[in-house]
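Contents: one structure, followed by commentary.
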Amino acid sequence: MMDMQIFETVTTAIIAPVLLLCITTAVDSRKARRASEEQREHLHEALETLQSEVTSLREMITRQVKQTSSEIKAAKKRSRVVIHDRLSQAHRFYMEQGYVERDSARALNDMYDVYHKECGGNGYAKELMDDINSLTIKD
């Protein structure tokens, strides 16, 4: 969503001055008729250049969005692996210990929420957390 806002801002910044020029020229039709062929050609070339630059900018932003999207997916996958490992270790430790401290239980549940909601975690981690949450909680 942020990338689209950037695209809209940049596009507006580029197109707005040209549109203003076109509107100003069209409003005063007498001046437009008096404009020399050379001035019209210059305006036409400027519009073609602008169109080309906007197209290039759109392509660049599209590539950047795709790259950023891929990087986000990779970061989520790395986070999912690390959190899964941490939950597995905590599960082994607390199941052997037979109880879990309140602060640790809270932190593990927060970690599981990130794993499940943000990283697309699976049902196995839920089973681990169900086991941990079934333990006695000590302060």
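Things worth noting here:
- Unique match (being in a helix (DSSP H, G or I) and in contact with a His (Cβ under 8 Å, 6 or more places away or on another chain)) among L108, L128, L87: L128
- Positions within the stretch 100-126 being surrounded by 12 or more Cβ atoms within 10 Å (Cβ to Cβ) and either charged (D, E, K, R) or over 29 Å from S69 (Cβ atoms) (or both), in sequence order: V100, E101, S104, A105, R106, A107, L108, N109, D113, E118, K126
- Condition check for V100 on (1) of a type outside the set (F, W, Y); (2) part of a helix (DSSP H, G or I); (3) closer than 30 Å to D139 by Cβ: one failure, at (2).
- Near pairs, Cβ below 8 angstrom, 6+ apart or cross-chain, from the stretch 68-88 (exposed (fewer than 13 other Cβ atoms within 10 Å of the Cβ)) to any residue that is acidic (D, E) and assigned to a helix (DSSP H, G or I): T68/D3
- Single residue of the stretch 111-125 satisfying the filter (among the small types (G, A, S) and part of a loop (DSSP other than H, G, I, E, B)) that is farthest from K76 (Cα to Cα): G121
Read-outs throughout are calculated quantities, based only on the coordinates presented, and are distinct from any laboratory measurement. Please read these numbers as outputs of a predicted model, since none were measured by experiment. In this analysis, Cβ positions are derived from the backbone assuming ideal geometry, glycine residues included, and neighbour counts consider all displayed protein chains.
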